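Asks: Here it is, the structure in full.
The values are calculated or read from the model by the stated rules, or taken from the named source; none is laboratory data. On a predicted model such as this, the values are computed, not experimentally measured, just so you know. Methodologically, a virtual Cβ is constructed for each residue, glycine included, from the backbone with ideal geometry; neighbour enumeration extends over all protein chains shown.
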Amino acid sequence: MAQYTKTLANDFNGIQRTLANVLGTGATTKGYGSPVTSFTISTGSNISSAEFTALATDINTCYRHITNGDATTLASVVSKGKVTWANFVTYQSAVTYINNNSDTNGGTASSPSDTTTLPAGWGNASGNRIATQTGTITFASAEAMRFFFNQGNTITITGSCSYTGAEPKTVDWRDLVKTVSVSHTRSTYRAGSAADTTYYMSTNPYGYSPPAVKNDYVQVTMGAPSGNTMSITITLNDKGQDNQVASNCDADLTFTASRIVSNTTGISTYGPTVTFGTWAYTA
């Protein structure tokens, strides 16, 4: 086969480095933290089909992550065959697409999760009108957290309740908790911000309408990234609309922390652990 001229060697190395910056360690908003098969070449060395095969392997790993399918336009480069500029351009175009779309995650993923359950029996009648849960999201390192979010993965806390009875307050808390869905995404991570949402009870079983600031509510906060961790705080407040009638919530309320984790072949997994403490109560 022919040799790499200075121009072709520079072009090949340019696209390989761009590809490796996305698939490998990268920096800031680039880098999946995954193994890189391809490698750079030197001017004057013979053009090898193995070099293009390795490049194609990395390209398809990224394509599967981004599109859930292999690149379909790569020209085949066989041993002792010719490498034309048209062949080379197919690799160049594929790597440009990967670099421009590295934030997209269309690949396969799994959703491991952990839960914490607030037991029935809390509320204004019991004197435990505020229930609080704290937890921690922990990655192996700050770099692992960066890889996780660069891959387009998310951490989401949702609420659920299986109560089928008719006690008015419990029905309202069940319906409110089931609306909870708070996510830490690539955007919140890169902004260095918290994911924080408060869900207010819009109705109450007794028809009272005190000021909105006193409404019963659920607040879920996943704190801003700090090193390799993020905090979790879940607060339920029963000091609001129905405080004039003593009653408790008579059902368990469950909160689930799910991690969407890429399991595309060739993409390394950096899913965090999630730990919860015990529920604390205040009057």
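Asks: Please enumerate the residues belonging to the range 226-247 that are crowded, with 17+ Cβ neighbours inside 10 Å, in contact with a Phe, Trp or Tyr (Cβ under 6 Å, 6 or more places away or on another chain) and either at pLDDT below 95 or not hydrophobic (A, V, I, L, M, F, W, C) (or both).
Replies: Scanning the range 226-247 gives Asn237, Gln241, Asp242.
Asks: To continue, here is another question. Using the structure shown, decide if Arg146 is closer than 18 Å to Ile260 by Cβ and basic (Lys, Arg).
Replies: When the stated conditions are applied, Arg146 passes them.
Asks: When you check Thr61 against the structure, is it in a helix (DSSP H, G or I), over 24 Å from the mean Cα position of the chain (by Cα) and not acidic (Asp, Glu), yes or no?
Replies: no
Asks: Collect the residues in the range 64-89 that are part of a helix (DSSP H, G or I), polar (S, T, N, Q) and at pLDDT below 90, keeping them in residue-number order.
Replies: Residue satisfying the conditions is Asn87 alone.
Asks: Continuing with the same structure: Which residues, taken from the range 111-125, are in contact with a strand residue (DSSP E or B) (Cβ under 6 Å, 6 or more places away or on another chain) and part of a strand (DSSP E or B)?
Replies: Ser113, Asp114, Thr115, Thr116, Thr117, Leu118
Asks: If you go through the range 96-110, how many residues are at pLDDT 95 or above and assigned to a loop (DSSP other than H, G, I, E, B)?
Replies: 3
Asks: Here's another thing I want to ask about it. In the range 1-36, which residue that is surrounded by 15 or more Cβ atoms within 10 Å (Cβ to Cβ) and of a type in the set (Ser, Thr, Tyr) is modelled with the lowest pLDDT?
Replies: Tyr4
Asks: So, Thr90, is that one surrounded by 15 or more Cβ atoms within 10 Å (Cβ to Cβ) and among the hydroxyl-bearing types (Ser, Thr, Tyr) or not?
Replies: Details: surrounded by 15 or more Cβ atoms within 10 Å (Cβ to Cβ): yes; among the hydroxyl-bearing types (Ser, Thr, Tyr): yes.
Considered against the rule, which asks whether it is surrounded by 15 or more Cβ atoms within 10 Å (Cβ to Cβ) and among the hydroxyl-bearing types (Ser, Thr, Tyr), Thr90 comes out as yes.
Asks: I would also like to ask the following. With the condition being over 18 Å from Ser110 (Cβ atoms), I'd like the strands (runs of 3 or more DSSP E) fully within the range 126-187 carrying at least 3 qualifying residues.
Replies: Of the strands (runs of 3 or more DSSP E) lying wholly inside the range 126-187, those with at least 3 residues that are over 18 Å from Ser110 (Cβ atoms) span 130-138.
Asks: To continue, here is another question. Here are Ile130, Ile155: which of them is touching a His at 6+ places or on another chain (Cβ under 7 Å) and closer than 30 Å to Thr282 by Cα?
Replies: The unique qualifying residue is Ile155.
Asks: Scan Ser113, Ser93 and give me the residue that is at pLDDT 90 or above, farther than 30 Å from Ala283 by Cα, within 22 Å of the chain's Cα centre (by Cα) and among the hydroxyl-bearing types (Ser, Thr, Tyr).
Replies: When all the criteria are applied, what remains is Ser113.
Asks: Another question, if that's okay. Looking at Tyr163, Tyr200, Tyr189, can you tell me which residue is of a type in the set (Phe, Trp, Tyr) and closer than 17 Å to Ser231 by Cβ?
Replies: Numbers: Tyr163 fails: closer than 17 Å to Ser231 by Cβ; Tyr200 fails: closer than 17 Å to Ser231 by Cβ.
After applying the criteria, what remains is Tyr189.
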